[in-house]
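Step one of this worksheet: look at the structure below.
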Amino acid sequence: MALDKQFIGREYGPYRYTLGEEKMREFTLAVGGAKPGAGTPGEPPAHVSPLLHDARAAQAGPHGGLIAFPSFAVVFAIRPFSAALADPALNINLRMVVHGEQDLEFLDVMRPGDVMTTTGRIADLYERARMGFVIVTSESRNQHGALVVKGTWSAIIRG
Amino acid sequence: MPRNYQPGDTFTHVRECDRYRPIYYAGASGDYNPIHIDPEAGTAAGLNGNILQGLCTLGWVVEAIAGFVEDPGRVRRVKARFSRPVRPEDTITFQGRVTAVQDGRLTAEVSATNQRGEDVLKGAVVEAFIG
C-alpha cells in the first residue's frame, strides 16, 4: 500500500461532542460485559465500578458524581483518525484496515454534559513489509479549554 | 486509607468475548466497521470471520487497572499494540505487573492472552494516579 507522504500534517476537525449520561453508561456496560436489551444497556456486572453507572453512589464517591469510563473518549476522539482513513485523497480500502496501535492519555475525568472539541492530524505515513501505516494524533479539550485526552492512533493497511 | 502499591505487585482480569460482544461494542462506540459485526465481511477481508474491535480489548485493559487502583477516574494512560485478533467466544486473561511507583503515579505492564495462550496485545502499558 503506497501512501503519499505529502499528506503528513493534514488536519481534521474540530469536531464537537457533548457527553450524555446514558451514552456514557451504555459504553461502560458494553465494555463491562452487560447484555443489552430493548431500551436498556443491560445490568452492570459486579466488577463494573458504580462511579460509572450509579448516579447516587457516584455522588458520594471521590469525583462527586458520575464519570465516564476512561476509554469512552474513543467515541469522540476517534473522529480525526476515521476521517483520515476515509479521506478520498488517501485512497484507502477500509476493508483492508486493521487497528495497529493505540495510545490514550487521560489528563482529567469526563462528566455528563462536558463538551469536547477534538482536532487531529496525520503524524506519519509509511510503508513497511508491503503494508501501509497511518499514524494520526488527536487532542480533545473540554468546554473550559483544558486538554483532557491525547491520542495516538495507528492503522495498518494490509496489502 | 490509601493502599500501598509496590513495584512487583500483580493483578489479573479475565474477560470473555461472547458471540455478540462486537455488536454490543459497535452500538456503544459507533465502530460499525463490517469486519467487526459481519462474519462474511471479515472472511472476505481475509480475517477468517469477524473480529472484536481492538479498542474493546483496550477497554478491558482499562478495566483491569481501574479495578486494581479501585477508581476508574485514576487511570491516566493506556497504550498497546494489537498483535492478534480477538474473536467471538475467545476468553482473554489480562495479567498486570507494577513496574514503577513514583510521585503518586503507578506504571504497570499488562499482558493479554487468549485461551490458547497466544498474545493478543503487545507492549501494553498503563499508568494510574494513586496519590
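Annotations
- Subset tally (residues that are surrounded by 20 or more Cβ atoms within 10 Å (Cβ to Cβ), of a type in the set (A, V, I, L, M, F, W, C) and more than 12 Å from every other protein chain (Cβ to nearest Cβ)) for the stretch A:70-84: 1
- Taking the criterion of being facing another protein chain (nearest Cβ under 8 Å), buried (at least 22 other Cβ atoms within 10 Å of the Cβ) and in contact (Cβ under 8 Å) with a residue 24 or more places away in the chain, the only residue of the stretch B:27-50 that qualifies is B:S29.
- Flag for B:D90 being among the acidic types (D, E) and without any contact (Cβ under 8 Å) to a residue 60 or more places away in the chain: no
- The stretch A:85-126 - residue that is in contact with a Pro (Cβ under 9 Å, 6 or more places away or on another chain), away from chain B (no Cβ under 11 Å) and of a type outside the set (D, E, K, R) and, of those, most open to solvent (accessible area, probe 1.4 Å): A:T119
- Matching strands (runs of 3 or more DSSP E) fully within the stretch B:67-131 where at least 1 residues are open to solvent by 10 Å² or more (accessible area, probe 1.4 Å) and within 14 Å of B:D9 (Cβ to Cβ): B:91-102, B:105-113
- A:K5 meets the conditions (1) at the interface with chain B (Cβ under 9 Å from one of its Cβ atoms); (2) under 30 Å from A:I156 (Cβ atoms); (3) open to solvent by 30 Å² or more (accessible area, probe 1.4 Å); (4) not polar (S, T, N, Q) in every case but one. The failed one is (1).
- Where A:Q59 falls short, out of the listed (1) facing chain B (nearest Cβ under 9 Å); (2) surrounded by fewer than 17 Cβ atoms within 10 Å (Cβ to Cβ); (3) without any contact (Cβ under 8 Å) to a residue 24 or more places away in the chain: (1)
The values are calculated or read from the model by the stated rules, or taken from the named source; none is laboratory data. A quick note: this is a predicted structure, and the numbers were derived from the prediction, not measured. Every residue, glycine among them, receives a Cβ derived from its backbone with ideal geometry; neighbour counts consider all protein chains shown. Please note that ligands, DNA and RNA were not included when accessible areas were found on the heavy atoms of the full protein model with its side chains. Shrake-Rupley method; radii C 1.70, N 1.55, O 1.52, S 1.80 Å.
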